[in-house]
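Okay, so here's the structure we're looking at.
Any read-out appearing in this document is the output of simple, stated calculations on the displayed coordinates, not a laboratory observation. In this text, all values refer to a predicted model and were calculated from it rather than measured experimentally. Here the Cβ is made from the backbone with ideal geometry for all residues, glycine too, and neighbour counts use every protein chain on show.
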Amino acid sequence: MTEHMNSSNKKHDQLEPFIHESEGQKMTSNEGITISDDENSLTAGDRGPTLIEDFLAREKLAHFDRERIPERVVHARGYGAYGEFQLYESLTDITMADFLQDPNKKTPFFVRFSQVVGSRGCNETNRDVRGFSVKFYTDDGNFDLVAINMPVFFIQDAIKFPDLIHAVKPEPDNEFPQGQTAHDTFWDFMANNRESAHMALWIMTGRAIPKSFRTMEGFGVHTYRLINKDGKAHFVKFHLKPTLGVHTLLWDEARQLGSDADYHRRDLWTNIHNGHYPEYELAIQIIKEEDEFSFDFDILDPTKLWPEEDVPLRKIGKLTVNRNVDNVFAETEQSAFHPGNIVRGMDFSNDPLLQGRLFSYTDTQQARLGPNHQQLPINRPVCPFANNQRDGASRMIIDRGKVSYHRNGLANNTPYPVPGTQGGFVTYPSTVEGRKVRKTAASFKDHYSQARMFWNSMSDVEKQQIIGAFCFELGKCRPFVRQEMVDVLAHISRDLAENVSKELGTTVPDVQESTVTKSSPALSLTNTIFVADTLRVGVFLSEGFDGPSVKQLLATLSTAKLQIVIVHDKLGTVTGTEDVKYEVTDSFLTGSALTYDGVLIVGSGNITPYFTYEAQKYTTAIYNHFKPIGTFQNGEAVLKPLHLTSDDGIINDSSVNFAEDFIQAMAQQRFWNRPSYLYPASN
Ligand code: HDD
């Protein structure tokens, strides 16, 4: 039994026999031969050559030589975990999907978060779209929601995907930059493929530099269908909404935090390990089939979103991520997702990007993992499976019996197909008509209206961030490419193009900007959820602090679900009056100001000059990144000499409800009224 064992979870039960413990065992070869010496090769004489007959050394080295498999062609860097999904209310009205019927049923899932561009070892705080793939192990087969953290995509047709990825990957002649979009070929692609205008804005927001996987939304992007038992279909889009809200880094923060390449996986693993289980609500938007043409965009176009104000979200259940993997290679690296993995009660739409994906994912898994990848423990369905497919590399199951064909008499014509009326998967009989053509539908040709709606929906701070991001990204490109992209921006918003041009030395062409005035408030992160749960408070504790009052304060903060990080001059313990002691989590040397969501400076009678110097350095960084600062007892003495120009988000203990006020400030997370240097032209 592993520490994860939970007998009510079918996936955990299924994995258990595959879990292999080496601890406490005698050492053997893979063939089971007991090894007596694992440090010395077999040689001819003490100082002689190694003998080829040394089957133990050969086996060990040859296996090592094959430890790596090809990384994913995109989304190579990723991190996964397990969880359980539970429905809020039955969806029988719109789908037959087994896992969407019974609110009492828990469906296990595996989730993998990823970055699109970088290689397996790239930096996790790079600006990039994030993948959010979920494999639901339903009782009726696997459903994969292969989502990203943005609701739209760069291109409309899958045939362009290789071009997009060639443009965004490191440039082939010199192979840099790694895992980033700030280079010529990417922006040259964006400027010359105008359908990407909407996505260009999304990737310049904070969403492309998420604060953590725990505070990231997921979007299925495409239009799918859900089908009920009467055969009635609805168009749907899938959303995953984090219960902590959507929170992002600032660009400057992302760059500094990048000194820890594992920033996001460390956060996810640690929070799951500590029992702070990330949660996401699964939601759908529904459009009736008869309303397919009622919108000013084509619902099959993946560069368009369905404004939530027009097509409301229906929250249908919750995903709780509650178990780390035992082995990243076996589980996360070998996981294989595919948007074509749908279950009875679902179907695709004609979205040309989705249609192309339906080919590409199985194909890539064959190349990366081989023809039997569905049999790997991580990918196996938890329901029974049987068919006449046989053999191939690394087959894991042992197929008993002579018969591997359909129709047969020898096995009583089994395995047998099940009619749609009795539980078999049936394709929705949508109508298809038309001549074979290679062309973009006229309804796919408006590239600027939703981009403009998105721009209109941003708060001033978000607009500043977008402008700043364009200044950085295009600033890394040659002047020709900068100008190409400013031309695109001018079609969306002249104001945006002018602000970016101010910094880049480009000129704004005289083109008609979009005249769309509509905005969608749901798109602005000012309207996300703000809670204190799991936020990290760096508590700067100096030796000799007032024991009882600090103890009481920190207990209150913990009750509000804040995570306390004790920071001190050095590791070990820090002791206050009445012998109150705390174990130090971070010293000023091992910690990093930007990993705290806020700070609490606790003074004492004997603050050391080193404490003052470091606490001030940290606090300045916290202040410049708009985060809350609390001072307790004479912590004020550390803060005062900094002469901070705004006291917005700075709470001192003269406040009657200090603890509550500080908790509330933590929940608010950023105080934008402070002087802003988000991009050079902003002042
Ligand atoms: Fe893709 C991986 C999401 C368009 C081809 N994609 C991949 C992953 C995610 C997405 C989350 C990581 C899967 C994992 O964790 O293992 N991709 C998307 C979304 C798209 C999209 C939301 C558009 C809305 N993708 C897209 C197109 C193609 C691909 C148009 C090709 C025609 N994607 C792939 C791939 C990958 C992949 C090459 C690489 C590794 C893998 O599939 O398993 O097949």
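Structure above, values below:
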{"read-out": "Highest to lowest packing among 526-533, 95-102, scored as the average C-beta count within 10 Å", "value": "95-102, 526-533"}
{"read-out": "Inter-probe distance in nm under a simple model that places probes 7 Å from Cα toward Cβ, at S394 and K640", "value": "6.6"}
{"read-out": "For segment 536-668, convex hull volume per residue from C-alpha positions, Å³", "value": "94"}
{"read-out": "Highest-first arrangement of 625-632, 568-575, 400-407, where packing means the average Cβ count within 10 Å", "value": "625-632, 568-575, 400-407"}
{"read-out": "Zone of Q25's modelled label, taken as backbone nitrogen in segment 366-381 under 20 Å from a point 7 Å along Cα→Cβ", "value": "376-378"}
{"read-out": "Overall form of segment 454-527 per C-alpha gyration tensor (a/c, 1.5; a/b vs b/c)", "value": "oblate"}
{"read-out": "Cα-centred dipole magnitude for the chain, charges only on beta-carbon of K, R (+1) and D, E (-1), debye, nearest 20", "value": "1420"}
{"read-out": "Lys/Arg +1, Asp/Glu -1 at C-beta; the chain dipole; positive extreme among S394, P170, I564", "value": "S394"}
{"read-out": "Sequence of S524, S604 once ranked by neighbouring C-beta atoms within 10 Å, starting from the fewest", "value": "S524, S604"}
{"read-out": "Shape call, segment 487-549: gyration tensor on alpha carbons, a/c limit 1.5", "value": "oblate"}
{"read-out": "Contour excess over end-to-end distance, with Cα ends at Q375 and K617 and 0.36 nm allotted per residue", "value": "81.8 nm"}
{"read-out": "Gyration tensor verdict on the chain (Cα atoms; rounded if a/c is under 1.5, prolate if a/b is larger than b/c, oblate otherwise)", "value": "oblate"}
{"read-out": "Percentage, to the nearest whole number, of Cα pairs in segment 10-65 over 16 Å apart", "value": "59"}
{"read-out": "Whole-angstrom gap from segment 646-660 to segment 36-87, using each part's C-alpha centre", "value": "56"}
{"read-out": "Taking D93, D510, D661 and counting other C-beta atoms within 10 Å, the order from fewest to most", "value": "D510, D93, D661"}
{"read-out": "Helix-only mean residue ellipticity at 222 nm for the chain, each DSSP H run of n ≥ 4 adding -39500 (n - 2.57), per residue, nearest 500", "value": "-7500 deg cm²/dmol"}
{"read-out": "Which of H447, H12 has the fewest Cβ neighbours within 10 Å, and the rest in rising order", "value": "H12, H447"}
{"read-out": "Segment 411-444 versus segment 267-286: alpha-carbon centroid distance in Å", "value": "34"}
{"read-out": "The chain - share of DSSP beta bridges that are antiparallel (%, nearest 5)", "value": "75"}
{"read-out": "Most to least packed among 386-395, 194-203 [average Cβ atoms within 10 Å]", "value": "194-203, 386-395"}
{"read-out": "Cross-link pairs K241/K288; K232/K288; K10/K237; K551/K617; K135/K318 - those with Cα-Cα distance over 19 Å", "value": "K241/K288; K10/K237; K551/K617"}
{"read-out": "Alpha-carbon centroid distance for the pair segment 573-631 / segment 290-345, whole angstrom", "value": "42"}
{"read-out": "Positive-end residue of N634, H276, Y82, charge dipole of the chain with Cβ unit charges", "value": "Y82"}
{"read-out": "Value in Å of the Kirkwood radius, where segment 200-335 supplies the Cα pairs that are averaged", "value": "17.4"}
